[in-house]
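Here is the structure we will look at.
The values are calculated or read from the model by the stated rules, or taken from the named source; none is laboratory data. Remember, it's a predicted structure, so these values are computed and weren't measured experimentally. Glycine also receives a Cβ, built like all others from the backbone with ideal geometry; neighbour counts cover every protein chain displayed.
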Amino acid sequence: METLTVALADRSYPIHVGRALIERGDLLLPFLSQPKAAIVSNGTVAPLYLRRLAEPLRRAGIEVVEIVLPDGEEFKDWRTLNSIFDVLLERRCERSTTLIALGGGVIGDITGFAAACYQRGMPFIQVPTTLLAQVDSSVGGKTAINHPLGKNMIGAFYQPRLVLADTDTLYTLPERELRAGLAEVIKYGLIRDLPFLEWLEHNLDRLLSREPNALAEAVGRSCRNKAEVVVADEREAGERALLNLGHTFGHAIETGVGYGQWLHGEAIAAGTMMAAELSSQLGWIDRQDLARIECLLQRAGLPVQGPLLSVERYLELMHNDKKVQDGKLRLVLLQEVGRAVLTDAAPLPEVRRAIAERSAHA
């Protein structure tokens, strides 16, 4: 087991990465404020892991409340959030009861937001079971639900007490979900860790084969990158926005085609190519760099073209992005491979061209 720390003073917390951690009740017990906890999962993950997580806690005298939600991005909404509150109230959960998110990014996001809101804040723990959640969404305290007009538009910054990333859960992950998670892994190499990008280029086949050491390295290194950025800029005033490479385009894709049609990582991969295309048009990276990025994403089995949406529809949705400031569209682009920048200086005709070049509309 490798343990990393997100160093946020009195809100610091550990990230445990390793195998066979989900049954390690001893890792969770120190972070429970009372002998009661509520586990939130979904209908796909719960049959695999809910009992394995809950039983060690019950043996230690913890009363465990189980909340199982429907599975899918389309359920990351107010109605599902309210169903969590219903159970918490019915089971007389208090503000010191710990909420535990067991699942992928949707479960982590909605559970974290529920924890931020219920009785004005209750402790919560992240137990991510997908690659995307382990390397990205479980770390950093971003919690949210979706709105029909924009992804993750209703939410709060709210840090967990603990992140427990059991890489053994990745062996039951569908192939499509594993590949989608790789989009966020590749992102870290593109924006700030060139040696990691080079490692990924050499070890991608090992990751796709789910070799234990390769998975542990990818998860651990991604979490280190994420933790460093979060510590430097917890509430996304500057540097943290760089973690959103491809996300302004990608969120437009997810919203435009309907939540759940494209996986988040698939949309981010296509969005990353749009951002890279625009970076190339601005003269910041060359066509060889562009081809290098495209090759890696294609090897990971990820889309490098966006769906059939008009350029105007993309732009309409992108202007609902959280990085928009004073009405100006701000995008994360690549000044070079391994270094990103947040800018509002990209000319709109070039943005249009990049979208057209990298979408099925072209």
- Note on the structure: Only one of (1) more than 17 Å from the chain's Cα centre (by Cα); (2) under 22 Å from Lys322 (Cβ atoms); (3) of a type in the set (Val, Ile, Thr) does not apply to Thr172, and that is (2)
- Message: Can you tell me which of (1) modelled with pLDDT of 95 or more; (2) touching a helix residue (DSSP H, G or I) at 6+ places or on another chain (Cβ under 8 Å); (3) closer than 22 Å to His247 by Cβ is the one Gly72 doesn't meet?
- Response: (1)
- Item | Only one of Val163, Val139 that is under 26 Å from Leu29 (Cβ atoms) and in a strand (DSSP E or B) | Val163
- Only residues that are touching a residue at least 60 places away in the same chain (Cβ under 8 Å) and either closer than 23 Å to Ser310 by Cβ or in a loop (DSSP other than H, G, I, E, B) (or both): list them for segment 338-351, please. Gly338, Ala346, Glu350, Val351
- Task: Scan (1) under 20 Å from the mean Cα position of the chain (by Cα); (2) farther than 30 Å from Phe196 by Cα for the single condition Ala340 breaks and write down its number.
- Result: (2)
- Some residue of segment 184-194 being in a helix (DSSP H, G or I), more than 17 Å from the chain's Cα centre (by Cα), assigned by TED's automatic domain parsing to the domain that holds His319 and in contact (Cβ under 8 Å) with a residue 40 or more places away in the chain: yes
- Item | Residues being assigned to a helix (DSSP H, G or I) and under 20 Å from Gly25 (Cα atoms) - total across segment 166-181 | 4
- Criterion (in contact with an Asp or Glu (Cβ under 6 Å, 6 or more places away or on another chain) and buried (at least 17 other Cβ atoms within 10 Å of the Cβ)) met by exactly one of Ile145, Ile100, Ile107: Ile145
- Message: Take Ala354 and tell me if it is touching a residue at least 24 places away in the same chain (Cβ under 8 Å), under 30 Å from Ser209 (Cα atoms) and surrounded by 21 or more Cβ atoms within 10 Å (Cβ to Cβ).
- Response: no
- Item | segment 285-305, subset in a helix (DSSP H, G or I) and among the acidic types (Asp, Glu), residue farthest from the chain's Cα centre (by Cα) | Asp289
- Looking only at segment 195-211, which residues are surrounded by fewer than 20 Cβ atoms within 10 Å (Cβ to Cβ) and either part of a loop (DSSP other than H, G, I, E, B) or hydrophobic (A, V, I, L, M, F, W, C) (or both)? Trp199, Leu204, Leu208, Ser209, Arg210, Glu211
- Which one is nearest to Ala180 (Cα to Cα) among residues in segment 53-66 that are surrounded by 14 or more Cβ atoms within 10 Å (Cβ to Cβ) and not β-branched (Val, Ile, Thr)? Leu53
- Taking segment 236-263 and keeping residues assigned to a helix (DSSP H, G or I) and aromatic (Phe, Trp, Tyr) leaves Phe249
- Item | When residues of segment 67-109 are limited to those that are touching a strand residue (DSSP E or B) at 6+ places or on another chain (Cβ under 6 Å) and among the acidic types (Asp, Glu), the one nearest to Leu178 (Cα to Cα) | Asp71
- Among the candidates Ile22, Ile39, single out the residue that is assigned to a loop (DSSP other than H, G, I, E, B), surrounded by 14 or more Cβ atoms within 10 Å (Cβ to Cβ), touching an Asp or Glu at 6+ places or on another chain (Cβ under 6 Å) and not polar (S, T, N, Q). Ile22
